[in-house]
C-alpha cells in the first residue's frame, strides 16, 4: 500500500512530508521539491531527499500558472534518484507530482513502475489541480491511500501517516 497527500495550494503538504520524515524510523529516499521567489515568480526546484545540493530548477510559475517547464530535469535527475530509492529504501518520497512533469515520460514511467509494485512504500504528494495522464492514473490506483491535508488536520496526520507506514512495512516484512 502507498500513501499520497493532496490538498489546497500552500496548505502544508510538503511540510507534512518533512515532519513525517523527521519521525521516520525506516530507511527513506526520494525527491523533494521546494520553491524560491525571484522577481515575483515562483522558481521550483527538485532535489534528492538525502542530498545537500541546492536543487535543480525544474520550472517557473507566474500568477499561479506554469510559464516554464524543464521536463529533462525530471527525466535526467529525478528518474535515477527514484530508481535508486526504489532499490534501497523502505519508503520512497515523491514530493510533488504536478503539471511541470507533463512531458517527462521517463519520470512518469518510473513513478508508475514504483506505484505498481507492492514495495517499497511510496509517500507522495499530488497537486489537486493536476490533470495529467499520470495524475489521472494515480487517482484511479487501488493501492494508494489518499489523505486530504487541511489546516485543521495537518498536525494530526503526522502521527497517523507515520503509523500507517510503519504498519505497512511490518505487514510486508514482519519486522519494524
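Computed from the coordinates by the stated procedures, all read-outs in this text should not be read as laboratory data. Only a predicted model underlies this, so the values are computations on that prediction, with no experimental measurement involved.
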Beyond 17 Å, what percent of the Cα pairs of segment 127-168 remain?
47 percent
For the chain, what does the helix formula give at 222 nm: sum of -39500 (n - 2.57) over DSSP H segments with n ≥ 4, over the residue count, nearest 500 deg cm²/dmol?
-11000 deg cm²/dmol
Just to be sure I understand the curve: with the Debye formula and one point per C-alpha of segment 92-176, what is log10 I(q)/I(0) at q = 0.10, 0.12, 0.18, 0.26 Å⁻¹?
-0.28, -0.40, -0.86, -1.39
For segment 41-109, compute the orientation-averaged projected area of the C-alpha convex hull (one quarter of its surface), in nm².
4.7 nm²
Relative to the present Cα-Cα distance, how much length would full extension add between residue 76 and residue 9 at 0.36 nm per residue of separation?
21.4 nm
Rg(Cα)/(2.2 N^0.38 Å) for segment 1-95, N = residue count
1.12
Specify the angular offset, from 0 to 90 degrees and rounded to the nearest 10, of the alpha carbon long axis of helix 79-88 from the longest principal axis of the alpha carbons in the chain.
10 degrees
So if I restrict to the alpha-carbon atoms in segment 70-113, what is the Rg, and what is Dmax, the biggest pairwise distance, in Å?
9.9, 29
Would you compute the Debye intensity of segment 19-75 from its alpha-carbon atoms alone, equal scatterers and no solvent, and pass along log10 I(q)/I(0) at q = 0.25 Å⁻¹ to two decimals?
-0.99
To test your reading of the geometry: what angle, between 0 and 90 degrees and rounded to tens, separates the Cα axis of helix 105-116 from the longest principal axis of the chain?
20 degrees
Normalised radius of gyration for segment 1-159, please: alpha carbon Rg relative to 2.2 N^0.38 Å, two decimal places.
0.96
